[in-house]
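Structure first, commentary second.
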Amino acid sequence: MVIIHNLGFPRIGARRELKFALETYWRGECPSEQLQAIGADLRHRHWSLQADLDLVPVGDFSFYDHVLDMSFTLGHLPERALGFVGNPLDNYFRLARGRSAPGTGEPIAAGEMTKWFDTNYHYIVPEFTAASEFELNASRLLEQLTEAQTLGIKAKPVIIGPVTYLALGKVKDGSDKLALLPRLLPVYAELLARLAAQGVEWVQIDEPLLVTELTADWRHAFETAYHTLKSGRVKLLLATYFGALAENAYLAANLPVAGLHVDAINGRDDVLPLIGLLPSHKVLSLGVVDGRNVWKTDLSTTLDWLEPLAERLGERLWLAPSCSLLHVPMDLDRERRLDPEIKSWLAFAAQKLDELRVLGKALRQGRDAVKAELAANAAAVAARRHSPRVHDPVVKAAIAAISADMGRRRSPYAVRAAKQAALLKLPKFPTTTIGSFPQTAEIRQARRRFKAGETDAAAYQEAIRTEIARTVREQEALGLDVLVHGEAERNDMVEYFGEQLAGYCLTENGWVQSYGSRCVKPPILFGDVRRPRPMSIEWTVYAQSLTEKPMKGMLTGPVTLLNWSFVRDDQSRSDTCRQLALAIREEVLDLERAGVKIIQIDEAALREGLPLRRSQWQEYLGWAVESFRIAANGVRDETQIYTHMCYSEFNDIIASIAAMDADVITIECARSQMELLDAFECYAYPNAIGPGVYDIHSPNIPSAEQMIELLEKAAKRIPPERLWVNPDCGLKTRQWAEILPALAHMVSAARHLRMKG
């Protein structure tokens, strides 16, 4: 009998209930008991949607981040978070974002954030030193387990495995984090014993590190860890995802666990060899529904593949999504306005569970038992495959006409920099921001009313002009050197452009958690991409008319548009990215023709698109950098091209970043205390750089002295004449009351450095 289970479910709620509850709590407007009650209600609702599965994940719910949850479970906190007196949830939020609700403890430095493998989900990075200790605090997980068991849920607790947990962390003192494994494993053993005592049979222990290239030491760590944990009374389902096991298949198959989950979307070639490697008693769980994209599964084709495996494995075969459904929207049924044809091609989290149910029933009872479901699915899959809305011969011809010259600037950076300096006349340590300013309640209300038809286009445009004018005035008052229009008209840096590009469609409620209460609504890239009309010219030109200072044109780059969208799976990502590059190139050239002297093309997601295996990096970086250059490099020498990148470790891709040949690059550095600039000590980066000095993901307001300290660290690595001063990222999610003093401190810090010479 095939077992159907799930690896994880979206947390935020169908109406983003978790987001709004968190933000209300952080403002001090609701008690912690109310927040906890909302969390419990969401868990119960989500479990009820999965109640007919054979096993349901428990512990996948989090108030901020599951990696941070694991740090608290393991009693592993940095020194600045120790000794807290009060509600433990407030200490949790202090480490997540720097502070909790007002009056609940002094602010601290928030934990560093980075991307969860190659997704757009951010996690709070564990911090290690040689003295790190661990002490079990299983209360969160055990309480959620009790809730589920009380409701009659067939619970499968979910935890991050010890080796992946160590790999995700950052060492703060140069020590070897693998040396901590002997201290960590007894805490894991104690946790598993506590779960067994509470009646748990199976525990899902996530080790996605197994789909990466491992050194001998890390391979040995897996063997050590699971031979240590094998004596526990629970059965372990070792879950891998996001890629293929490849050369790690033998290691994974022979670890002493009761079952192994593999990503059969990205690693189908692993499966048949694994069956030969697995001991005859071991369960093989196959991720046969894509947990990271929104397209319907071709159920008939999947059954063609699964039926022989089911014959061979019998009750040892389990079916699940490829990974946690955290990475897709919750329910397609909530989309009331989505084009019906495109909607028929899609499956969100709830629908993906339905697909698993159909597959399970077909394998248990035969295809005739789900004949109608299979016929409807086949019709939708075929309709998408042959739809003329997907394929545009004009776009195909444009891609075929791309030449090498399209990716080259006319002159090298040194020549361009001199011309740009003469034109822009900026001071040393020029100050700017990354692009967005606060999305106030007034902006959101104006957009909501316009989209609902409650106000006309003229009134909406006037509201946006008013907000742009305010943003320009505030920047001039602060004394910033290069201004932005603030992006009041943009709901999201990707969604805004997706709304205007052919080949995209948007959802109303397709929200996905990025971190904490931050949710994004990735557009769906279903067909060939082209730009029907200019997308940003009007607002940028209007903003420039309000000031004599240079105004940046703000665009999202092709690689980020790709990586932060739900992308079609019927052609290569590289081909889709080149289509996006040509569309953005047209916008860049129109901005230049409109007199815009500085154009920022954000590639916030460049690094997160890297394959998890280093041996595949160069292919990705080749077409990703080429796509950026196609988008950026049609301009004159005098036009300054910016780009921005989020939470990226640059040491290993610095040559590719240099190959982008942007005149100025800005990166997030504040939380890491400029550690990201270590890459520039060993590589003579040739162009200008703006390392962020203001962590915008925290409500804390840094002092001018703190920023000066960061800039002085940066000046040791980057020649001062090529150093810009800016925040870490856009200011969209912050409040005016926070950003005005922070930016004033930033301008003061830049002036201090100018006076020092």
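The values are calculated or read from the model by the stated rules, or taken from the named source; none is laboratory data. All of these numbers come straight from a predicted model, not from anything done at the bench. Positions of Cβ are backbone-derived with ideal geometry, glycine not excepted, and every protein chain shown enters the neighbour counts. Ligands, DNA and RNA are excluded from the accessible area calculation, which covers all protein heavy atoms including side chains. Shrake-Rupley method; radii C 1.70, N 1.55, O 1.52, S 1.80 Å.
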**Complete:** Asserting the computed 222 nm helical MRE of the chain (DSSP H runs at least 4 long, -39500 (n - 2.57) per run, divided by residue count, to nearest 500) equals -12500 deg cm²/dmol
**Prompt:** Along the stretch 385-402, what does the Karplus equation 6.51 cos²θ - 1.76 cosθ + 1.60 (θ = phi - 60°) give for ³J(HN,Hα), rounded to whole Hz, x for Gly and Pro?
**Reply:** 4, 9, 5, x, 6, 8, 10, 10, x, 5, 5, 4, 5, 5, 5, 5, 8, 4
**Item:** Separation between Cα centres of the stretch 334-410 and the stretch 241-265, rounded to whole Å
**Value:** 28 Å
**Complete:** Rounded to whole angstroms and listed largest first, the alpha-carbon spread of the stretch 294-384 along its three principal axes comes to 44, 28, 18
**Prompt:** Once the Cα gyration tensor of the stretch 336-422 is found, what semi-axes does its equivalent ellipsoid get, as square roots of 5 times the eigenvalues, in whole Å, sorted largest first?
**Reply:** 50, 17, 13
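Using R₀ = 60 Å, calculate the FRET efficiency as 1/(1 + (r/R₀)^6) where r is the Cβ-Cβ separation of ALA414 and ALA452; round to 0.05.
Values: r = 53 Å, r/R0 = 0.88.
Using R0 = 60 Å, I get an efficiency of 0.70.
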**Complete:** Here the gain from full extension of GLU538 to ARG364, 0.36 nm per residue of separation minus their alpha-carbon distance, amounts to 56.7 nm
**Asked** If you put +1 on each Lys and Arg Cβ and -1 on each Asp and Glu Cβ, how big is the dipole of the stretch 59-194 around its Cα centre, in Debye rounded to 20?
**Response** 160 debye
**Complete:** Between the modelled labels at GLN571 and ALA196 (7 Å from Cα along Cα→Cβ) the distance in nm is 5.5 nm
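Given a Förster distance of 51 Å, report the FRET efficiency between TRP305 and THR440 from their Cβ-Cβ distance, rounded to the nearest 0.05.
0.50
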**Kirkwood hydrodynamic radius over Cα pairs of the stretch 230-316, then Stokes diffusion coefficient at 10 °C and 1.306 mPa s, in µm²/s** = 116 µm²/s
**Request:** Highest first, please rank the peptides 3-13, 79-89 by the mean number of other Cβ atoms sitting within 10 Å of their residues.
**Result:** 3-13, 79-89
**Message:** Amide H of GLY243 versus every other amide H placed in the peptide plane: which residues, excluding those fewer than 5 positions away on the same chain, fall under 5 Å?
**Reply:** ASP263
**Asked** Once amide H atoms are placed 1.01 Å from N in the peptide plane, what residues at a sequence separation of 5 or more from TRP511, or on another chain, have their amide H within under 5 Å of its amide H?
**Response** MET330
**Item:** ³J(HN,Hα) computed for each position of the stretch 435-440 - Karplus, 6.51 cos²θ - 1.76 cosθ + 1.60, integer Hz, glycine/proline x
**Value:** x, 8, 10, x, 8, 6
**Request:** Step through the table entries LYS428/LYS521; LYS552/LYS713; LYS419/LYS756; LYS156/LYS361; LYS115/LYS172; LYS521/LYS549, compare each Cα-Cα distance with 29 Å, and write down the pairs that go over it.
**Result:** LYS428/LYS521; LYS521/LYS549
**Request:** Could you tell me which of ILE265, VAL85, LEU68 has its Cα farthest along the dipole of the chain towards the positive end, charges placed at Cβ (Lys, Arg +1; Asp, Glu -1), taken about the Cα centre?
**Result:** ILE265
**Fill in**
Heavy-atom accessible area per residue of the stretch 441-533, all protein chains kept, 1.4 Å probe, expressed in Å², is 37 Å²
**Asked** So, with a 1.4 angstrom probe, what is the percent of accessible area on the stretch 59-153 that is carbon and sulfur?
**Response** 53 percent
**ILE654 paired with GLU705, simple spin-label distance in nm, labels 7 Å along Cα-to-beta-carbon** = 3.2 nm
**Request:** Taking the Cα centre of the chain as origin, work out the dipole magnitude from +1 charges on Lys and Arg Cβ and -1 charges on Asp and Glu Cβ, in debye rounded to 20.
**Result:** 840 debye
**Item:** FRET efficiency estimate (nearest 0.05) - Cβ-Cβ, PHE20 to LYS756, R0 45 angstrom
**Value:** 0.45
**Request:** State, to one decimal in nm, how far the label point of GLU133 lies from the label point of ASP331, with both points 7 Å from Cα in the Cβ direction.
**Result:** 4.7 nm
**Asked** ASN6's amide H: which non-local residues (gap 5+, or another chain) put their own amide H closer than 5 Å, with H modeled 1.01 Å from N in plane and none for Pro or chain starts?
**Response** LEU55
**Item:** C-alpha center-to-center spacing [the stretch 435-478, the stretch 554-594] in angstrom
**Value:** 26 Å
**Prompt:** Between ILE443, PRO691, HIS327, whose Cα lies farthest towards the positive end of the dipole of the chain when Lys and Arg beta carbons carry +1 and Asp and Glu beta carbons carry -1, centred on the Cα centre?
**Reply:** ILE443
**Request:** Return the carbon/sulfur percentage of the accessible area of the stretch 591-640, one whole number, probe 1.4 Å, all protein chains in place.
**Result:** 44 percent
**Prompt:** Could you give me the ³J(HN,Hα) list for the stretch 471-485, computed from phi with Karplus coefficients 6.51, -1.76, 1.60 and θ = phi - 60°, whole Hz, x at Gly and Pro?
**Reply:** 4, 5, 4, 5, 5, 5, 5, 6, x, 5, 8, 10, 9, 10, 8
